[in-house]
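These notes concern the structure reproduced below.
What follows draws every value from the coordinates through simple rules; no lab data is involved. Just so you know, these numbers come straight off a predicted model, no measurement behind them. Note that we place each Cβ from the backbone using ideal geometry, even for glycine, and neighbour counts take in every protein chain shown.
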Amino acid sequence: MRLDDLKFFKRVAELGSLSAAGREIGLSPSAASSRLSTLEKNLGAQLVSRTTRRTRLTEAGEVFLRHAGSAVREMDQAKALIDAAEDSPRGTLRISSNVFFGRKHILPHLAEYRQLYPDLHLQVDMTDRMVDLLEAGYDLGIRGGPMPDSSLIARKLGGNRRVLCASPDYLARKGTPQTLDDLRHHDCIGFDSMPVWYFSGPDGEIAYQAESPVISGDNGDFAYDAAIYGLGLTVKSLAHVWEDLRDGRLVELLEDYPITRTGSIYAAYPPTRFIPPKITTFVDFLISKFGRPAYWETDYRQAAAGASGQSALKSA
């Protein structure tokens with residue numbers, strides 16, 4: 001029984017599709033089916049129940065998946081220990097990130113990282129869905145917000161304060177809110193995973209929920225675009241909107257009432273006895289590019305202060 005067969009079966013289970021798992025490694029549907037059939041024949045048990053509409057594991061498949069997953073992880077750890085003995089990282093670094101952070105803060109730096117480590121292949125998967133790094137076989141995940149209790153090792157890449165913001169065009173039409181009570185008279189952009197906004201007030205935390213958002217959706221990029229296009233107020237993380245605040249496309253509002261329940265950006269990876277260089281070098285590289293504190297936490301304020309200073313000089 002080959003390790004590649006175990007990995008193939010594991011991907012069939014993860015994707016819920018025999019053909020999709022085959023496509024990942026360049027197999028036609030018939031070749032993928034033949035490969036699975038050979039594995040089932042060697043085991044003497046049917047692992048997958050296949051129909052034209054769906055693929056699901058049999059009871060034997062569920063049992064085999066648990067042990068196959070353990071075997072794959074053990075072999076990956078063994079390979080990581082071997083890779084760790086090398087002077088330069090090599091192989092494949094599988095990274096999971098949400099969409100906006102991957103596009104804004106990881107992709108712009110990858111060309112430089114590849115120049116440093118040309119023998120390392122990068123696979124960067126971007127999704128706003130929370131991914132189980134261990135089950136999906138990722139080496140590294142980028143996580144925003146408070147880190148939940150888990151066995152993962154986490155290194156902080158930067159803070160991730162949230163801000164209430166709107167476009168100058170919207171504020172010119174609707175005015176600028178000065179107090180939390182003013183929000184009742186403004187258009188709010190709804191975001192399904194954040195139905196309530198929490199602010200820090202003089203007497204503690206204050207919750208605000210728009211009774212009827214002017215527009216709502218299920219995606220963070222949607223809320224961002226809606227704010228840029230002047231549809232209303234929204235809450236976004238600095239890592240997402242720092243350039244827009246710096247360049248004046250968005251304006252931070254109600255700074256005397258900071259948004260609470262925020263977190264940080266972390267690089268998270270599975271625990272091993274020896275962390276492979278491909279992980280440590282990549283995380284160290286990101287930290288060196290982001291800075292301490294991260295540039296999205298400071299650059300927009302420095303630019304705003306510079307612009308105010310220039311305005312004062314012109315007035316004088």
Quick one, which of (1) 29, 46, 22, 4; (2) 26, 46, 25, 3, 0; (3) 36, 60, 5 is the actual P(r) over Cα pairs in 20 Å bins from 0, in percent calculated for this model?
(2)
Would you mind counting up the charge near residue 261? Only other residues with Cβ under 9 Å from its Cβ, with Lys and Arg at +1 and Asp and Glu at -1.
0
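Taking the Cβ-Cβ separation of residue 67 and residue 110 as r and a Förster radius of 41 Å, what is the calculated FRET efficiency to the nearest 0.05? Walk me through the intermediate numbers first.
Working: r = 36 Å, r/R0 = 0.88.
Efficiency at R0 = 41 Å is approximately 0.70.
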Checking the cross-link filter: which lysines have an alpha carbon closer than 26 Å to that of residue 174, excluding same-chain neighbours under 8 positions apart?
236
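Within the chain, what percent of beta bridges assigned by DSSP are antiparallel, to the nearest 5?
Values: 28 of 41 bridges.
Of those bridges, close to 70 percent are antiparallel.
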Please list 229-239, 270-280 highest first by mean number of surrounding beta-carbon atoms within 10 Å per residue.
229-239, 270-280
By per-residue mean of other Cβ atoms within 10 Å, what is the highest-first order of 176-184, 199-207?
176-184, 199-207
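Going down the list 7/278; 79/156; 104/289, which pairs span over 18 Å between their C-alpha atoms? Display every interim value, and only then the final one.
Values: 7/278 21 Å; 79/156 26 Å; 104/289 13 Å.
Cα-Cα > 18 Å for 7/278; 79/156; rest within.
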Per DSSP H run of n ≥ 4, the term is -39500 (n - 2.57); total these for the chain, divide by its residue number, and report the mean residue ellipticity at 222 nm rounded to 500 deg cm²/dmol.
-13500 deg cm²/dmol
Shape category assigned to region 14-127 from the gyration tensor of Cα positions, a/c cut at 1.5:
prolate
Two-site label geometry, residue 103 and residue 261: point separation in nm, points 7 Å out along Cα→Cβ:
2.6 nm
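With contacts defined as alpha carbon pairs under 8 Å and 6 or more residues apart, what's the relative contact order of the chain in percent? Don't skip to the end; give the middle numbers.
Details: 457 pairs, mean separation 64.5, N = 316.
Result for the chain is 20 percent.
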